[in-house]
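Please treat every number below as a calculation from the coordinates, not as lab data. Just so we're clear, the structure is a prediction, and the values are computed from it rather than from any experiment. A quick note on method: Cβ atoms are made from the backbone with ideal geometry, for glycine too, and the neighbour counts reach across all protein chains shown.
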Amino acid sequence: IRLEIYKSGTKKKVGLTWITVDGQVYTFRAHDRSHPRSNEIYAESEKISNEIIKYGHQYDSSWITRVLDEDETIESVLCGHSERLAIAWGFVANPNASKLQMVKNLRICGDCRM
C-alpha cells in the first residue's frame, strides 16, 4: 500500500501545532528548530519529560509510525512532536502560565496528551 501511495505522488500532511503567546501566534512542526529560542524550548521539553517520568509516565512507542534511526530513542522522537514543543514554548515564554491552549491540524498523539 505504501508503495502505491508513493507512486501516486500523494504526500503525507505535515503535523502542525499553533499556540498564541502574548498575542502572537507561533507555529511548530515535529523536531522544529526554527524558533530563535529553540535551545530553551528543547531544554523545557526535557524538563517536562523528566518531571512526568518522575510521576510514573512511560513513553508509548505505538505512537511512533516509522523506524527509528540509530541515534534516536523513543523518548527523543515523542518529545520532538509539535504539540510537545508548543507546550514547552508556552512555559518558556510564560513561566507562570496555569493554562495553555493550542490548535493542531491533525490528531494529537496519545503520548503527548500526558
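Could you grab me the full set of residues in region 88-105 that are in contact (Cβ under 8 Å) with a residue 60 or more places away in the chain and either part of a loop (DSSP other than H, G, I, E, B) or closer than 12 Å to residue 22 by Cβ (or both)? Result: 89, 90, 93, 94, 100, 101, 105.
Of all residues in region 49-61, those that are of a type outside the set (A, V, I, L, M, F, W, C) and in contact (Cβ under 8 Å) with a residue 24 or more places away in the chain total 4.
Pairs are defined by a Cβ separation below 6 Å, a sequence spacing of at least 6 or placement on different chains, a first member in region 30-48 that is touching a residue at least 24 places away in the same chain (Cβ under 8 Å) and surrounded by 15 or more Cβ atoms within 10 Å (Cβ to Cβ), and a second member that is of a type in the set (Gly, Ala, Ser) and in a helix (DSSP H, G or I); the pairs so defined are 30/82; 41/88; 44/88; 45/88. Residue 75 passes every criterion in (1) surrounded by fewer than 10 Cβ atoms within 10 Å (Cβ to Cβ); (2) under 12 Å from the mean Cα position of the chain (by Cα) apart from (1).
Being of a type outside the set (A, V, I, L, M), within 12 Å of the chain's Cα centre (by Cα) and not in a strand (DSSP E or B) is the filter here; which residues of region 9-43 pass it? If the condition is that a residue be of a type outside the set (A, V, I, L, M), within 12 Å of the chain's Cα centre (by Cα) and not in a strand (DSSP E or B), then 15, 31, 32, 33, 42 are the ones that fit. Close Cβ contacts (under 7 Å, 6 or more residues apart or on different chains) running from residues in region 72-85 that are acidic (Asp, Glu) to residues that are in a loop (DSSP other than H, G, I, E, B) and surrounded by fewer than 23 Cβ atoms within 10 Å (Cβ to Cβ) comprise 75/59; 83/108; 83/109; 83/112. Residues in region 58-72 that are hydroxyl-bearing (Ser, Thr, Tyr) and surrounded by 12 or more Cβ atoms within 10 Å (Cβ to Cβ): 2 in all.
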